[in-house]
1. Looking only at the stretch A:120-137, which residues are over 20 Å from residue A:192 (Cα atoms) and either part of a helix (DSSP H, G or I) or within 14 Å of chain B (Cβ to nearest Cβ) (or both)?
2. Determine which member of the set A:151, A:179 is out of contact with any strand residue (DSSP E or B) (no Cβ under 9 Å at 6 or more places or on another chain) and at pLDDT below 90.
3. Any residue at all in the stretch B:136-143 that's in contact (Cβ under 8 Å) with a residue 60 or more places away in the chain, crowded, with 21+ Cβ neighbours inside 10 Å and away from chain A (no Cβ under 14 Å)?
4. Given the conditions (1) closer than 29 Å to residue A:149 by Cα; (2) surrounded by fewer than 21 Cβ atoms within 10 Å (Cβ to Cβ); (3) within 7 Å of chain B (Cβ to nearest Cβ), which single one is not true for residue A:111?
5. Check residue A:138 against each of (1) buried (at least 17 other Cβ atoms within 10 Å of the Cβ); (2) in contact (Cβ under 8 Å) with a residue 40 or more places away in the chain and name the one condition it does not meet.
6. May I ask you to say which residue of A:77, A:99 is within 12 Å of chain B (Cβ to nearest Cβ), surrounded by fewer than 16 Cβ atoms within 10 Å (Cβ to Cβ) and closer than 19 Å to residue A:164 by Cα?
7. Say whether the condition of being under 24 Å from residue A:146 (Cβ atoms) and either over 14 Å from the mean Cα position of the chain (by Cα) or within 14 Å of chain A (Cβ to nearest Cβ) (or both) is met by at least one residue in the stretch B:147-160.
């Protein structure tokens, strides 16, 4: 079943070439779809458009077969709880003035009435935060600390915990390992893979790192200057018919 | 280093100015409140025969030219001066914060309208507004406070707006919006903790200035009206007796100087505590 379908999405910033140019793709439930491309090719803009955080010029977005591109904020709300995002820089994605537990509880607080959690269960805030921290393999006493008191890798785990806290269908991972050291990168990728299975999540994995993307994803899309120039399954990565740009990316990694 | 969402005073590094400031302001507040509950003398009761007396057991700081007890008037004057300054300051802060929050968060047309209003108020120096209001509505402490609020709220709105503008760009606000948090919740939960420090620093530094302003205007007769005791007004009352009884001017003058000095010390302390650079270092 198709979870997310994007048709001919185009986003043009004022007076310039399109940041996202006629992009179409389909993300199936349960899969991890990779999106690679160099910095500035429009990957993050695409992510923001999918989240309806950025207006776009034309195109259609279907989430679970509902067209969401025309909905206003109130109509979007039921869909919002099914899509979460993890950003590149966890230091910016966590409010430095709030304790970890207060940042973690935000999505749940917002949707508590309409949520039916299957993996986690809410009895009290403390217990819930503890479950979340356990799920991302963090010490359970971390909730009372501030973001600046923990390491970069731990911070990224916290933002992942926040994203999975309401058991969404789709998580957009916008370069989740770009600001981490190699060891943390590996650990975070492994954690994400495990969580996908246990929580039956789907990922749109955005990265400039083809190695990470090919490790995580079943299918890979290549973006260049706002256009999707290549789409293939992981097994086809080294196939002869790949686009020259893809081959260039492969040769780098 | 331990820190708090609204950071409390961190006394690890000994801050003698802060300690002094806190203790002194606590003493003044206690004295002013003591006077409120227990008055040995009526601050406005004149006794012409007992005027200009020196220090005595009955009148620890003597009496003024109308025979009123100076200590009583000094304490009640403190209530008037500090109380009205604080009230004006708090009113300005509580008008400025919501304006700044909404302006910085909504941006666009709301921001432009709010900021043009603010610019309009900012165009008038506080002394001019105070004089004009005194001319239009008559002199009095209430009108003086109104003038201060009218001028001061703008700087709080601008301060809050600039902080909010820089915070709103950050990913955590975007995440909160993706999670469907309402603008009000985002402002309350995510943005207010960022502005508290800045506002507290500015407010504590402003308090001294407002105290000076109120005293100055009372001194020239546009603030507290006789016979209400107020430090600036007391200074003015004692002017003719400067040669014969200089202490009548020294007491309220000293009171103003000391209170302003210590509020400034507190302000410096808060500024160090909430130093923006320190946040970056963290």
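The values are calculated or read from the model by the stated rules, or taken from the named source; none is laboratory data. Just so it is clear, the structure is predicted and the values come from calculations on it, not from any experiment. FYI the Cβ positions are ideal-geometry reconstructions off the backbone, even for glycines, and counts take in every protein chain you see.
1. Correct list: A:125, A:126, A:127.
2. A:179
3. Scanning the stretch B:136-143 turns up at least one residue that is in contact (Cβ under 8 Å) with a residue 60 or more places away in the chain, crowded, with 21+ Cβ neighbours inside 10 Å and away from chain A (no Cβ under 14 Å).
4. (3)
5. Unmet for residue A:138, out of (1) buried (at least 17 other Cβ atoms within 10 Å of the Cβ); (2) in contact (Cβ under 8 Å) with a residue 40 or more places away in the chain: (2).
6. Criteria check complete, one pass: A:77.
7. yes
Residue-wise test of (1) within 21 Å of residue A:2 (Cα to Cα); (2) surrounded by fewer than 23 Cβ atoms within 10 Å (Cβ to Cβ).
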| site | (1), (2) |
| --- | --- |
| A:162 | no, no |
| A:168 | yes, yes |
| A:175 | no, yes |
| A:185 | no, yes |
| A:194 | no, yes |
| A:213 | yes, no |
| A:219 | yes, yes |
| A:224 | no, yes |
